[in-house]
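Peer 1: My questions will all concern the structure given below.
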Amino acid sequence: MYYVGTIGSHSSLQILHGAKQEGFATLVITEEKRKRFYSQFKFIDRLLIYENLDDVVTQLNSYSNSLFFVPHGSLIEYLGKERVEKLNIKIFGNKYIFDWEANQKKKMSLLKMAGIKIPESFESPEDVDRLVIVKLPGAKGGKGYFIAKNKEQVKEGLMKLKEKGLIKSEDEVLIQEYVIGVPMYFQFFYSPILDRLEIFGIDIRYETNIDGLRRLPMTELVEPSFVVVGNIPAVARESLLPKVYDYAENFVRVTKEVVPPGMIGPFCLESIVTDEQEIVVFEFSGRIVAGTNLYVNGSPYSWFYWDEPMSMGRRIGREIKMALEKGLVDKVTT
Ligand code: AMP
């Protein structure tokens, strides 16, 4: 019997619900205070409680060959890079992409190599000549980001980040052109088993206080911030889809060359769509994004591929199941 398991957070309910639909046993590892919450779901077969973060590694490693572990956005944030490297279980997807994701500059370079349009970035605050957004390393859900109109504001903001201990040096941040338009986060699934790229869905992140500001006439009173608190569904004008699909195909091709074995399973191109209908990608996620939680019963696009309710969690389960049936588990795990 095989387990599909993950850490209790982010998109774990969807992942385990989908795995159960595909016939797997399911496992979640979480902290004591979330036990009551996760124990109410019948599709979770095994609930592991960890005492500390090293314990997560020990407990998961005890499943060695019977567990397919699905990483999500909270994995590196919770465990840290070193502990994740100590996991010797089958990880669904390409774990070598984590390193690229964690470093804002490396991340953007991968998009650039795929010929995807990205915002300008500035090496030093001195070079800033337009509206910019300054980003901190890692997936901290937008915490600490700030917008600056000119180089003086960038320097001021960086000083504050240092005082708060959020960064040690300026090299850690990414200073990026702030693109005017609307956000759209395009979710994809690349199947190595079918050698097929599927567009899965689109979401918009609901962020404080940038999204709250539209309710307030005196916007100058509040600093915009970008803390993600939820997600909203979206569909795109159909004419945008072939464009973003091209981007995603190129991305899959480039990751195969640069970060072998390349993209496996879910990923997301986080974009701004401009007035000219240009799609500018300001970051990618190389794993399941929480915006797919909207589509537990299938998305407006997943129906076109599957004609059955297919969540991203279930799609992951389906890929593992097909890999097992064909003896190709190595193609979907690292
Ligand atoms: P990120 O953590 O990179 O996903 O950024 C957090 C939020 O900042 C996004 O969801 C967008 O609302 C916004 N954002 C990030 N980069 C840009 C950009 N280059 N131009 C405009 N908005 C951006």
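Peer 1: Here are some conditions: (1) under 25 Å from the mean Cα position of the chain (by Cα); (2) within 16 Å of the ligand (Cβ to nearest atom). Ala148 meets all but one. Which one does it not meet?
Peer 2: (1)
Peer 1: Name the residue, out of Ile180, Ile202, that is at pLDDT 90 or above and within 30 Å of Ile264 (Cβ to Cβ).
Peer 2: Ile202
Peer 1: Restricting to region 59-71, give me the number of residues that are modelled with pLDDT of 95 or more and out of contact with any Leu (no Cβ under 8 Å at 6 or more places or on another chain).
Peer 2: Within region 59-71, residues that are modelled with pLDDT of 95 or more and out of contact with any Leu (no Cβ under 8 Å at 6 or more places or on another chain) number 5.
Peer 1: Working only within region 52-65, note down all residues that are out of contact with any Phe, Trp or Tyr (no Cβ under 6 Å at 6 or more places or on another chain) and within 22 Å of Leu13 (Cβ to Cβ).
Peer 2: Leu53, Gln59, Leu60, Tyr63
Peer 1: When region 212-229 is examined, which residues are found to be more than 11 Å from the ligand (Cβ to nearest atom) and under 11 Å from Gly142 (Cβ atoms)? If you could, list the steps in order and put the result at the bottom.
Peer 2: Taking region 212-229 first, the residues more than 11 Å from the ligand (Cβ to nearest atom) are 212-223, 229.
Hit for region 212-229 is Val229, nothing else.
Table: residues versus (1) loosely packed, with under 14 Cβ neighbours inside 10 Å; (2) not in a helix (DSSP H, G or I).
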| position | (1), (2) |
| --- | --- |
| Asn293 | no, no |
| Asn297 | yes, yes |
| Phe304 | yes, no |
| Pro309 | no, yes |
| Gly313 | no, no |
| Gly317 | no, no |
| Met322 | no, no |
| Glu325 | yes, no |
| Asp330 | yes, no |
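Peer 1: On to the next question. Quick one: which of Glu220, Glu238, Glu170 is open to solvent by 60 Å² or more (accessible area, probe 1.4 Å), in the same structural domain as Cys268 (by TED's automatic domain parsing), over 20 Å from the mean Cα position of the chain (by Cα) and more than 30 Å from Trp303 (Cβ to Cβ)?
Peer 2: Glu220 is the lone residue from the list that is open to solvent by 60 Å² or more (accessible area, probe 1.4 Å), in the same structural domain as Cys268 (by TED's automatic domain parsing), over 20 Å from the mean Cα position of the chain (by Cα) and more than 30 Å from Trp303 (Cβ to Cβ).
Peer 1: List the helices (runs of 4 or more DSSP H) that sit entirely inside region 1-76 and contain at least 2 residues that are touching a helix residue (DSSP H, G or I) at 6+ places or on another chain (Cβ under 9 Å).
Peer 2: By residue number, 12-21, 53-61.
Peer 1: Give the number of residues within region 173-211 that are of a type in the set (Phe, Trp, Tyr), part of a strand (DSSP E or B) and either near the ligand (Cβ under 8 Å from one of its atoms) or in the same structural domain as Asn150 (by TED's automatic domain parsing) (or both).
Peer 2: The initial filter retains those residues of region 173-211 that are of a type in the set (Phe, Trp, Tyr), namely 178, 185-186, 188-190, 200, 206.
Now drop any that are not part of a strand (DSSP E or B), which leaves 185-186, 188-190, 200, 206.
From the residues that got through so far, the ones that are either near the ligand (Cβ under 8 Å from one of its atoms) or in the same structural domain as Asn150 (by TED's automatic domain parsing) (or both) too are 185.
The total comes to 1.
Peer 1: Right, next: Can you tell me which of (1) within 16 Å of the ligand (Cβ to nearest atom); (2) touching a helix residue (DSSP H, G or I) at 6+ places or on another chain (Cβ under 7 Å); (3) touching a residue at least 12 places away in the same chain (Cβ under 8 Å) is the one Lys106 doesn't meet?
Peer 2: Against the list (1) within 16 Å of the ligand (Cβ to nearest atom); (2) touching a helix residue (DSSP H, G or I) at 6+ places or on another chain (Cβ under 7 Å); (3) touching a residue at least 12 places away in the same chain (Cβ under 8 Å), Lys106 comes up short only on (3).
Peer 1: Which numbered condition trips up Lys81, out of (1) within 19 Å of the chain's Cα centre (by Cα); (2) farther than 25 Å from Phe267 by Cβ?
Peer 2: Failing condition for Lys81: (2).
Peer 1: Among the listed residues Ile232, Ile279, identify the single one that is farther than 27 Å from Met322 by Cα, open to solvent by less than 50 Å² (accessible area, probe 1.4 Å) and at pLDDT 95 or above. It would help to see each step written out before you state the result.
Peer 2: Working: Ile232 fails: open to solvent by less than 50 Å² (accessible area, probe 1.4 Å).
Within the list Ile232, Ile279, the selection yields Ile279.
The values are calculated or read from the model by the stated rules, or taken from the named source; none is laboratory data. Worth saying up front: this structure is predicted, and the values here are computed from it rather than measured. We place every Cβ from the backbone using ideal geometry, glycine too, and count neighbours over all the protein chains shown. The area values use the complete protein model at the heavy-atom level, side chains included, leaving out ligands, DNA and RNA. Shrake-Rupley method; radii C 1.70, N 1.55, O 1.52, S 1.80 Å.
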